[in-house]
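Take a look at the structure set out below.
Readers should treat all values here as calculations from the given coordinates under stated rules, not as data from a laboratory. Please read all numbers here as calculations on a predicted model, not as lab measurements. Cβ placement follows ideal geometry from the backbone for every residue including glycine, while neighbour counts extend to all protein chains displayed.
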Amino acid sequence: MNEFDAALDSVLRRVIPGCTRMLTCERLSGGANQETYRIRAETRSGTVTLCLRRAAGGTHSHVPGLPGLAVEARLFRAAAAVGVPEPEVYHVLEATDGVGEGFIMQWLDGEALGAHIARGEEFAGIRDQLAFQCGQMLARIHRIDVDSTGLRSALTERDTGTIIQTSRELYQSYGTPQPMIDYAARWLLDHLPQRVDPTLVHGDFRNGNIMMDPKRGIVAVLDWEGAHIGDPMRDLGWLCTNSWRFGVTEKTAGGFGELNDLIAGYETESGAAVDRDRVNFWIVYGSYNWAIGCLTMAHHYRTGPDATVERPGIGRRSSECQVDCANLLIPGSTDLPQPSATAANLDMPTDAELLTSVRDFLRGDVMSSTDGRTRFLARVAGNSLDILLREATLGSVYRAGERRLLMGLLGREGDLFTLRQLLCERLRSGLALDTPQLAETLRYITLTQALIDQPGYSGVKTALAAR
């Protein structure tokens, strides 16, 4: 038994009634910001299954503006008290436990894979009820009294304009010029909602963070790590962001339901009318925010502590969200150049053959002989190699077209990085969003990058359909 398992075993025997020993502890796939483990433990009355939610790498570090896992445990309890289905929290970890920051809670059976909920046959009979249920749950969350629960002092209150500015500054700190992100930030700042009554906001209420049962619907609302006090319509918009529809673009609410049903559930439970313009604002923000969030994953790969192959893979998904922003804000056709025949490669095997052989090894030998998180990461690594293969085939011709468009828009020559950076700087300093050729250039940049990174993404298909 390693040091982590030994420490966890000791905690379980102390805090779980009748526990005699830990049998297994398996880290589950997914969870880019936090770690989730399934634990089986032996007790005097039989075997039980538990869940451990732990900070990435187990580090005891508090990110400014985020509640932290100890407060998350309090949020689970507060939500359960107003009728939101939640697991019971058994123990909040302390530094002396030697396990890291986190908490141990009840294991609930249900489906949390968003693609299965949006497209799986087992949910066909209940899928049209889920959006209404989500609206009800959000209304309950938003009426949690942050004063009587003591949560006000534990949570950050976020003004919408400050949220946009802060996220834009974070993106700018990464030093990667992404003009569509700057355009979206400008649009959001120009369209800030007015007259907002702040409430508790879940902050990450989306398909994938809501555990579902094919017969009962919602089993639990998970992942409260982004909870704060702010505009409640942010939660409705986030659920409707295209990244969380899992390819079912026609079902706005999580890929499983209609926006009208989501709003009806919310209005029925809350008794208050929903401002649809505010929801639409937050849908745009959702794609903008996750575009930056994906880049943050790549930044975390560089800085640690959890430098896994998953994080840079997520980083390249920023282009998906940028395509969604373009589809929402500047829809239209895009002329794409045709790739030329691949130039002769003097090496044998070629670069592409080497990449292909490693990718096929990961997807074949490695995935067939592993399971759990290792199998998941092997798939992620194979996807990253696919990006490099498409970069080798498409990158030069797409970049040449981008450079020509940028020179025409900006009226000057330069290398691609310099031109992109100049466009971003002009957007930040007030370039009119209706400048001629700007929309065409942005659509081209976002679509060609996404065709390299994630050509099968639903937003790419939407953009291509406009051609």
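Quick check: the angle from helix 318-329's long axis to the longest principal axis of the chain, C-alpha only, nearest 10 degrees?
That helix lies at roughly 70 degrees to the long axis.
Tell me, what is a quarter of the convex hull surface for the C-alpha atoms of the range 71-183, in nm² with one decimal?
11.6 nm²
Kindly put E94, E86 in sequence by how many other C-beta atoms sit within 10 Å of each C-beta, fewest to most.
Details: E94 12, E86 23.
So the residues, fewest neighbours to most, are E94, E86.
Sort T162, T462 so that the residue with the fewest other Cβ atoms within 10 Å of its own Cβ comes first and the one with the most comes last. Each step should come with its number before you reach the end.
Working: T162 11, T462 17.
By the 10 Å Cβ count, ascending: T162, T462.
Hey, what do the phi angles of the range 240-255 turn into as Karplus ³J(HN,Hα) couplings, whole Hz, using 6.51/-1.76/1.60 and θ = phi - 60°, x for Gly and Pro?
Each residue of the range 240-255 in turn: 8, 5, 4, 4, 9, 9, 6, x, 9, 5, 6, 9, 4, 7, x, x Hz.
Mind putting a number on the dipole of the chain about its Cα centre? Charges go on the C-beta only, +1 for Lys and Arg and -1 for Asp and Glu, and I need it in Debye to the nearest 20. Could you put the intermediate results ahead of the total?
Numbers: 48 positive and 58 negative charges, 38 e Å.
Approximately 180 debye in magnitude.
Tilt of helix 69-81 relative to the longest C-alpha principal axis of the chain, in degrees (0 to 90, nearest 10)?
70 degrees
Consider all pairwise Cα distances in the chain and report the whole-number % of them above 40 Å. Could the numbers behind the result be given before it?
On the way: 25280 of 108811 pairs.
Result for the distance tail: 23 percent.
Arrange the following residues from fewest to most other Cβ atoms within 10 Å of their Cβ: S270, S318, S153. Please report the intermediate quantities before stating the final value.
Details: S270 18, S318 28, S153 7.
Taking fewest neighbouring Cβ atoms as first place, the list is S153, S270, S318.
HN-Hα J couplings of the range 198-210 from phi, Karplus 6.51/-1.76/1.60, θ = phi - 60°, integer Hz, Gly and Pro as x?
Values per residue, Gly and Pro as x: x, 9, 4, 10, 4, x, 8, 7, 7, 4, x, 10, 10 Hz.
Given H placed 1.01 Å from N in the peptide plane, which residues other than close sequence neighbours of M212 have an amide H under 5 Å from its amide H?
Here E111, A112, V219 satisfy the definition.
Please list, ordered by chain and number, the residues whose modelled amide H lies under 5 Å from the amide H of T43; skip anything fewer than 5 residues away on the same chain.
Residues meeting the criterion, in which the H sits 1.01 Å from N, are T20, V48.
Return one number: the angle in degrees, 0 to 90 and rounded to the nearest 10, between the long axis of the Cα atoms of helix 160-173 and the longest principal axis of the Cα atoms of the chain.
Approximately 70 degrees, to the nearest 10.
Got a sec? Charge dipole of the chain, +1 on Cβ for Lys and Arg, -1 for Asp and Glu; which of F361, G68, V11 is way out at the positive end?
F361
Got a sec? Charge dipole of the range 114-296, +1 on Cβ for Lys and Arg, -1 for Asp and Glu; which of P193, T241, A139 is way out at the positive end?
Checking the options against the dipole of the range 114-296, the answer is T241.
Place a +1 charge on the Cβ of each Lys and Arg in the range 3-106 and a -1 charge on the Cβ of each Asp and Glu, then give the dipole magnitude about the Cα centre in debye, rounded to the nearest 20.
Working: 11 positive and 12 negative charges, 47 e Å.
For this selection, approximately 220 debye.
So which GluC sites (Glu not before Pro) in the range 379-466 end up in coil per DSSP with only 16 or fewer other C-beta atoms within 10 Å? Let's see the in-between values first.
On the way: sites: E391, E402, E413, E425, E440; in loops: E413.
For GluC sites (Glu not before Pro) across the range 379-466 that sit outside H, G, I, E and B with at most 16 neighbouring Cβ atoms in 10 Å, the list reads E413.
Nearest-5 percent of antiparallel DSSP beta bridges in the chain?
Details: 34 of 35 bridges.
About 95 percent, rounded to the nearest 5.
If you take every residue apart from T166 with its C-beta less than 11 Å away from the C-beta of T166, what net charge results, scoring Lys and Arg +1 and Asp and Glu -1? Before the final figure, lay out each step's value.
Working: positive: R158, R168; negative: D159, E169.
Charge balance near T166 sits at 0.
How far apart, in nm, are two points set 7 Å out from the Cα along the Cα-to-Cβ line at R428 and at R44?
Each label point lies 7 Å from its Cα, and together they span 6.4 nm.
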